[in-house]
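The values are calculated or read from the model by the stated rules, or taken from the named source; none is laboratory data. This one's a predicted model, so the numbers in the text were calculated from it and none came from an experiment. No Cβ is skipped: glycine too gets one built from the backbone with ideal geometry, and neighbour counts run over all protein chains shown.
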Amino acid sequence: MIEKGYFAHSSAVIDEGCTIGNGTRIWHFSHIMPGCIIGEGCNIGQNVVVSPDVVLGKNVKIQNNVSIYTGVICEDDVFLGPSMVFTNVINPRSAVNRKNEYARTFVRKGATIGANATIVCGIELGEFCFIGAGAVVIRTVPAYALVVGNPARQTGWMSEYGHKLKFDKEGKAICPESNIVYELKDGIVRKSQN
């Protein structure tokens, strides 16, 4: 059904008290909980849960079987791969109520999280970083970094178009798709201003 400028499949559950932006599409068996904010143009795949107070920016793409727990904030243009996992408590126990201990996790603009990756709570994933499939991320990831493995380790840098960057001796790299020039200086990657 089309409702208030967004689409929700008839099997989706949309609780009262959430905000959903225009052009967003919510697919089969997904649950959007109260207090969450979903930006414009998002795509929420099948069997996704968006928990209370989660914030999603514009154009966030969420693949099937993802649960986004309270404490997660995703900026614009974030990609969440199939069956990837967020946590929101560092030391959960069934018999101990830790709802007042939810840790914040920030996923910055343009970040990609691959299929079946796990993101341990309380960290920041930098702009346009790329988390490989199956990675277990336990610490903050710099902007443009490529991380893989368990525990996740940085193995390189990625362009905004998702290509691995190869830096020359002067610390410059060119994205083969966009021709954007990147600079690596003091362990930080930035787009060139030239």
Test: residue in the range 164-171 that is of a type in the set (Lys, Arg), part of a loop (DSSP other than H, G, I, E, B) and buried (at least 17 other Cβ atoms within 10 Å of the Cβ): no
Any hit, the range 145-159, residues being in contact with a Gly (Cβ under 6 Å, 6 or more places away or on another chain) and aliphatic (A, V, I, L, M): yes
Residue within the range 14-24 that is surrounded by fewer than 16 Cβ atoms within 10 Å (Cβ to Cβ) and among the small types (Gly, Ala, Ser) present: yes
Matching option when the condition is under 30 Å from Asn91 (Cα atoms), part of a strand (DSSP E or B), among the hydrophobic types (A, V, I, L, M, F, W, C) and in contact with a Phe, Trp or Tyr (Cβ under 8 Å, 6 or more places away or on another chain), among Leu146, Leu184: Leu146
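What do you reckon, is Asn97 loosely packed, with under 14 Cβ neighbours inside 10 Å and either under 23 Å from Gly57 (Cα atoms) or polar (S, T, N, Q) (or both)?
yes
Please specify each residue of the range 103-133 satisfying the condition of being part of a loop (DSSP other than H, G, I, E, B) and either among the polar types (S, T, N, Q) or modelled with pLDDT under 95 (or both).
Asn116
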